[in-house]
Amino acid sequence: MLRIIIVLSLLVALSSSCDNPQSEVLLDEVQSAIDLRADSLLSASELHAVSIGVIQSGKRYLSHYGELDPGGGIPPNDSTIYEIASVTKTFTGTLLAHAISEGVLRLEDDIRPYLPGDFQHLAYAGSPITVAHLATHTAGLPQDFPELPTSADSTAAIRDALLTGLRSTVIDTLPGARYLYSNVGANVLAYVLEKAYDQPLDSLFDRLIYRKADMHSTGFMLREGQKVNFAKGYGAEGSIAPFMPPTSWAAAGLKSTLPDLLNFVAFHLDESRPEVKRSHEKLLDHSNPAAYRAYYWLVNTAEDGTRRLSCHGGGMGFQAWVMFYPESETGIVVLTNKSDPQTGGRIIDVAKKIAADLGALERVS
């Protein structure tokens, strides 16, 4: 099996390992855990490529396995661009946390003043949809607008399609009363954020997230030089799958690399940042009493307060899993360019096994 193993860590850590055999052993143990689980994943499934990143106490490990196209002989690498699907929502949630920290928005704000025209129908029994409802999938909005065209030639067309769908949407339950996963809601939230800041979402992500997190290869649209690094996605039958439509936008439209996503995890491990700390706060209780929903993160907690924050992204030809443990300064990213009903569970399982190998799951199940 083809494999490229790339281990990156701080130069200070690397130099100190030459003088400290114990740190070198630790490095080998972390990499060995990643190798073991990646080999098991590829040998026991129909996946043909996987990229795995780990950060632990500031040290980073980026590893790539398999081949991007079956039989093609080319492995993924640090420049490989994957669709990250619903992991996009955590970027939208981070931006919302920033807006609330700055006083630009409030969770209890009625969304209708931010929408152009008459949207008075986006309420039920006099109770309007609020920003908090959008961020917790409790607005009563549909999961998607399947009747709308999935193509769009500009961000303006994406917004127009969103507003067209909203004009014919009927709310049939009290906002906040029922959890209903909604890509539409995440996109409406992005629209509200744009209006609140009077800036396009792309610019807001760049200014308030990408630059702060040192992310250089993440975005909705690929630059000309990036297209050669965009992996093909494969579906359940092994055929090339279509990419996510542009109208998935702030709900599922971002594309990124393993190094960038590991930098995003490092950004979220730094809870001294006001927007990061806020984005991890409880917005909605989960059906599991040991879990809650934050700003698009699912947060699992242990009795001693240890937390695991996670998000899964499933596209038509890609799957992504991001999770991190603030208390142990550990984070894991798993990416693959294959998507079928089993892929999500498989990459989540391998990430949790790596975390257990590293001791991050001692208290969080």
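Just the Cα atoms of segment 30-121, one point each, no solvent: what log10 I(q)/I(0) does Debye give at q = 0.14 Å⁻¹?
Computed log10 I(q)/I(0) values: -0.73.
Send over the semi-axes of segment 71-167's equivalent ellipsoid, whole angstrom and largest first, taken as the square roots of 5 times the C-alpha gyration tensor eigenvalues.
32, 20, 13
Quick check: pseudo-label points 7 Å beyond the Cα along Cα→Cβ at residue 342 and residue 227, how many nm apart are they?
3.6 nm
Could you give the angle, 0 to 90 degrees to the nearest 10, between helix 88-102's Cα long axis and the longest principal axis of the Cα atoms of the chain?
70 degrees
Length gain on complete extension for the stretch residue 57 to residue 272, per 0.36 nm per residue less the alpha carbon to alpha carbon distance?
Additional length available on full extension: 75.8 nm.
Name the residue farthest towards the positive end of the dipole of segment 172-324 from the options 222, 256, 314, assuming +1 on Cβ of Lys and Arg, -1 on Cβ of Asp and Glu, about the Cα centre.
Projecting each Cα onto the dipole axis, the largest value belongs to 222.
Report the residues of segment 51-88 in range of a label on residue 35: point 7 Å along Cα→C-beta, backbone N strictly under 17 Å from it.
So the set is 51-54, 61-66.
Mean projection of the alpha-carbon convex hull of segment 285-341 over all orientations, in nm²?
4.7 nm²
How large are Rg and Dmax for segment 193-340 when only the alpha carbon atoms are used, in Å?
Rg, Dmax (Cα atoms, Å): 16.4, 49.
If r is the Cβ-Cβ distance from residue 177 to residue 108 and R0 is 22 Å, what FRET efficiency results, to the nearest 0.05?
0.90
Any chance you could run the full-extension gain for residue 127 through residue 147? It's 0.36 nm times the residue separation minus the Cα-Cα distance, nm to one decimal.
That works out to 4.5 nm of additional length.
What is the Cα convex hull volume of segment 155-221 when expressed per residue in Å³?
Spread over its residues, the Cα hull of segment 155-221 gives 122 Å³ apiece.
Does anyone have the angle between helix 21-43 and the longest principal axis of the chain? Alpha-carbon axes, 0 to 90°, nearest 10?
For helix 21-43, the angle is close to 60 degrees.
For helix 183-197, what angle does its Cα long axis make with the longest principal axis of the chain, in degrees from 0 to 90 and rounded to 10?
Computed tilt is about 80 degrees.
Taking +1 at the Cβ of each Lys and Arg and -1 at the Cβ of each Asp and Glu, which of 175, 186, 203 sits farthest along the dipole of the chain towards its positive end, judged by Cα position relative to the Cα centre?
Sorting the options by dipole projection puts first 175.
Show me 98-107, 78-87 ranked by packing, highest mean number of other Cβ atoms within 10 Å first.
For the peptides 98-107, 78-87, the packing ranking is 78-87, 98-107.
I want to verify the translational diffusion coefficient of segment 85-127 in µm²/s; compute it with Stokes-Einstein, Rh as the Kirkwood radius over Cα pairs, at 20 °C and 1.002 mPa s.
Estimated diffusion coefficient is 174 µm²/s.
Taking every pair of alpha-carbon atoms in segment 144-259, give the share separated by more than 16 Å as a whole percent.
Of all Cα-Cα distances in segment 144-259, 68 percent exceed 16 Å.
Once you've got the Cα coordinates, tell me which of 89/338; 212/352; 277/353; 195/352; 232/277; 195/277 are over 31 Å apart.
In this structure, 195/352; 232/277 exceed 31 Å between Cα atoms.
Convert 37 °C to kelvin, take the viscosity as 0.692 mPa s, use the Kirkwood radius over C-alpha pairs of the chain as Rh, and evaluate the Stokes-Einstein diffusion coefficient in µm²/s, rounded to a whole number.
Roughly 155 µm²/s, to the nearest whole number.
Here, each number is a calculation from the coordinates, and none is a lab measurement. This is a predicted model, so every value here is computed, not measured. Glycine gets a Cβ as well: all are built from the backbone with ideal geometry, and neighbour counts include every protein chain shown.
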